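Right, one structure below, let's go through it.
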Amino acid sequence: MTGGRSLSRLRPLVRYGLAVMAPSFVSLAHLVVQLAMLSHVSAAEFGTFAFLMILVQFGYGLSNALISTPYDVHVSRGSSDEAARRTLLVGNLVFALVVGLACLGVGGLLGAGSWIAVFALFATLSMIRWFGRVFNYVRLRPTAAALSDIVYSLVLIALAMLLVYGDRLDGLSISLAFTVATLVALASLGGDFLRAQFGGLRGASLRPYARIWRDQSRWTVLGVTTTEFTSNIHSYLVTLLAGPARFAPISASALFMRPALLSITALTQLERPAIGRALAAGDTGTALATKRRFLLALLCGWVGTLVLAALVIRFRPGLVIKPGFDASEIHLALVLLSAITLIQIWQAPNSLLLQSLGHFRDLSTASIWSCAVSVVGVLAILLVLPPVWSLVGIAIGQFVMAWRLSALVAAWNRGCKGEPAAEPTPAPLPKAAR
């Protein structure tokens, strides 16, 4: 009996261990590769590559909104609508191609070399792999998703080491390394995913997606897009207005926050089915307990990230502070990015709970207002201060979003307990967003 209880207590730890460890390997691989790039490519090329990686991360968020969340809902509810399932699968291929073409176009505008075509291929394959992870999560196979992450990380680091050893690390070679690692990781997601994604789609149509878009995705996409601008508008404005070279110091500092940010994304994927099932069963207690556990795990990851950053800055500052970089800018960026990440950690569990409750319009409304705060704040700061200070505008916008979602969850919780709601009516959407 005692042994059974011990095993049941260990299961959540094992699940979290897999969910955090595997994406952390990915983050570590990206950190190693981009630190190596700092020593081998120009500031402009590094800034361009870092900005394109932000576009790929944005693609993951849009994939969640357009494909992954509807697919999760479809499977979790045991729907027998085969047409909807096939629509989402073919939709994933179309979406992946669109992301690849977007990277190709943006890279061309920023003056990237011929390597941008290979990077665009990586971006396309990366979107397919991202959905493959969700495919396994919703079928309660987190080990398959973790294996894919670990394989991707090991292959990428091995190829990067070969490139560094051969002194051949540049935009083209590193894009090839990312592409090969993604292909190998795709193969490790399992034959059932590959068959579902690439086989049996004959006759599939995107027409049924109109209902999915109307009922769910339109609000989620609006929320994801405004959330992206809330948290990353400085990346777009600094790169487009000041150039990739001025964005390079900020992106170098942001490398340290990758483990914590990737943990947010990975644990969201892990806990979405669990919270969804608990709410569907009317078990609000389990849903809230899962949310609290989610928050605690993210806080632990944040502390670990800060310790790593402090150790590097103290003992190996040359890994990040390259010739031409201002050390004080790097230090300030790290402080501001740490605060922003902490605010995002406060926000993430509440966002997931509200998504599971279907409060997509509330989420979108909060996101629109916080986005407006971030855009105005960043633009105002860029007019009078160096680019690194634009992170202050991001922090303010993120706080507005996190505070609003916390208030919405508190109001829902009071309603569950039968207490009178003290929450004011949400502000209406601006006309342009209706």
- Message: Placing +1 on the Cβ of each Lys and Arg and -1 on the Cβ of each Asp and Glu in the chain, which of A50, Q347, G285 has its Cα farthest towards the positive end of the resulting dipole?
- Response: G285
- Query: Of F399, M161, V134, which is farthest on the positive side of the dipole of the chain, counting Cα position, with +1 on Lys and Arg Cβ, -1 on Asp and Glu Cβ, and the Cα centre as origin?
  - Reply: V134
- Query: What list do you get for T87, T265 if you sort them by fewest beta carbons within 10 Å?
  - Reply: T265, T87
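Once you keep just the Cα pairs under 8 angstrom separated by 6 or more residues, what percentage relative contact order results for region 12-207? Spell out each step's value before the answer.
Working: 214 pairs, mean separation 60.9, N = 196.
Answer for region 12-207 is 31 percent.
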- Where nothing but the Cβ of Lys and Arg (+1) and of Asp and Glu (-1) is charged, how large is the charge dipole of region 12-207 around its Cα centre, in debye to the nearest 20? 640
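Loop only per DSSP, at most 14 neighbouring Cβ atoms within 10 Å: give me the trypsin sites (Lys or Arg not before Pro) in region 148-204, ordered by residue number. Please list the in-between numbers first.
On the way: sites: R168, R195, R202; in loops: R168, R202.
Here the sparse-neighbourhood loop sites are R168, R202.
Calculate, for A187 and T265, the FRET efficiency according to 1/(1 + (r/R0)^6) with r their C-beta to C-beta distance and R0 30 Å; round to the nearest 0.05.
On the way: r = 22 Å, r/R0 = 0.74.
Calculated value: 0.85.
When only C-alpha pairs under 8 Å and at least 6 residues apart count, what is the relative contact order of the chain, in percent? Intermediate values should be presented prior to the final figure.
Numbers: 538 pairs, mean separation 86.1, N = 434.
Relative contact order, the chain: 20 percent.
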- Query: In whole Å, what are the Cα extents of the chain along the three principal axes, biggest one first?
  - Reply: 60, 54, 49
- Message: Can you tell me how region 204-304 classifies by the Cα gyration tensor, rounded, prolate or oblate, using a/c under 1.5 as the rounded cut?
- Response: oblate
- Output ³J(HN,Hα) for region 353-360: one whole-Hz value per residue in order, computed from phi by the Karplus curve 6.51 cos²θ - 1.76 cosθ + 1.60 with θ = phi - 60°, and x for Gly and Pro. 4, 5, 4, 5, 7, x, 8, 5
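Rule-based calculations on the coordinates, nothing more; no lab input. Here the structure is a predicted model, which is why all the values come from computation and not from measurement. So basically every Cβ, Gly included, is an ideal-geometry build from the backbone, and we count neighbours across all protein chains shown.
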